[in-house]
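The values are calculated or read from the model by the stated rules, or taken from the named source; none is laboratory data. Since we're looking at a predicted model, the values are computed, not measured. Note that we place each Cβ from the backbone using ideal geometry, even for glycine, and neighbour counts take in every protein chain shown.
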Amino acid sequence: MAADRSVRVAWVADAPEMGRVQLAAWRASYAGVLPVTALDDLDADEVASAWATSIRRPPLATYRALVALERNALVGFVALGPSDDPDADAGRDAELSVLVVDPPARGRGHGSRLLAAAADTARADGFTRLTTWVLADDDAVRGFLRSAGWEPDGAHREVTLPDDAGSTRQVRLHTSVEET
């Protein structure tokens, strides 16, 4: 019997698990990129509180958080909303700002389900394109997104790291969410 796997809109009650999953995913994905102290200093309760506030009072109705469930366990989530990139097409470009899957739950299709749900949600909100920023040297994430139809659009930026650890380069990927 296959496990019950689904995606739904996030509820405020999901915020504690969203904080836990985000920190677990970041600690697994960004070890060696972010300073150890920056990762160790992250507080699950603070992250959960920020998610609860974001879900309870989004800045606009088109800001969304969606969660992936395996049975009743939250195993990942995405957040998206209007892109605030300077070159964004207002009202048409949405940004996928977060995509995380709990490390023990990776490889079970949750990321793909979250991407599909994010595209459906963006389309329903009237957007025609989704963008996201990824670390330039994160071959795994770029490969996953490219296999789902995302492509680099040539944009890049430098992001300053905490604790005077320098900076890292990000590249932007995009995909169309228009009906075909």
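Among Ser29, Ser54, which is under 19 Å from Asp102 (Cα atoms), part of a helix (DSSP H, G or I) and of a type in the set (Ser, Thr, Tyr)?
Numbers: Ser54 fails: under 19 Å from Asp102 (Cα atoms).
None of the other options fit; the residue is Ser29.
In segment 63-72, what residues are surrounded by 11 or more Cβ atoms within 10 Å (Cβ to Cβ) and either of a type in the set (Asp, Glu) or in contact (Cβ under 8 Å) with a residue 24 or more places away in the chain (or both)? Within segment 63-72, Arg64, Ala65, Leu66, Val67, Ala68, Leu69, Glu70 meet the criteria. State whether one or more residues within segment 61-70 are within 24 Å of Glu158 (Cα to Cα), part of a strand (DSSP E or B) and in contact with a Pro (Cβ under 9 Å, 6 or more places away or on another chain). No; the residues of segment 61-70 include none that is within 24 Å of Glu158 (Cα to Cα), part of a strand (DSSP E or B) and in contact with a Pro (Cβ under 9 Å, 6 or more places away or on another chain).
Regarding Ala122, is this residue at pLDDT 95 or above, surrounded by 14 or more Cβ atoms within 10 Å (Cβ to Cβ) and either within 20 Å of Ala65 (Cβ to Cβ) or in contact with a Lys or Arg (Cβ under 6 Å, 6 or more places away or on another chain) (or both)? So that I can check it myself, show each step before the final result.
Details: at pLDDT 95 or above: yes; surrounded by 14 or more Cβ atoms within 10 Å (Cβ to Cβ): yes; either within 20 Å of Ala65 (Cβ to Cβ) or in contact with a Lys or Arg (Cβ under 6 Å, 6 or more places away or on another chain) (or both): yes.
Answer is yes for this residue.
Selection within segment 47-60: residues that are in contact (Cβ under 8 Å) with a residue 24 or more places away in the chain and more than 17 Å from the chain's Cα centre (by Cα). The member of this set that is farthest from Val21 (Cα to Cα) is Arg56. For Leu60, the conditions (1) loosely packed, with under 12 Cβ neighbours inside 10 Å; (2) closer than 19 Å to Gly111 by Cβ; (3) of a type in the set (A, V, I, L, M, F, W, C) are fulfilled apart from (2). Of the candidates Ser54, Ser83, Ser97, Ser29, the single residue that is under 28 Å from Ala155 (Cα atoms), in contact with a Ser or Thr (Cβ under 7 Å, 6 or more places away or on another chain) and among the hydroxyl-bearing types (Ser, Thr, Tyr) is Ser83. For segment 93-119, the tally of residues that are of a type in the set (Gly, Ala, Ser), crowded, with 16+ Cβ neighbours inside 10 Å and free of Cβ contacts under 8 Å to residues at least 12 places away in the same chain stands at 0.
Test Val9 against the stated conditions and say whether it is within 16 Å of the chain's Cα centre (by Cα) and surrounded by fewer than 20 Cβ atoms within 10 Å (Cβ to Cβ).
Details: within 16 Å of the chain's Cα centre (by Cα): yes; surrounded by fewer than 20 Cβ atoms within 10 Å (Cβ to Cβ): yes.
Here the answer is yes, as Val9 does meet what is asked.
Scanning segment 91-107 for residues that are of a type in the set (D, E, K, R), farther than 17 Å from Ala15 by Cβ and not in a strand (DSSP E or B) turns up Arg92, Arg106.
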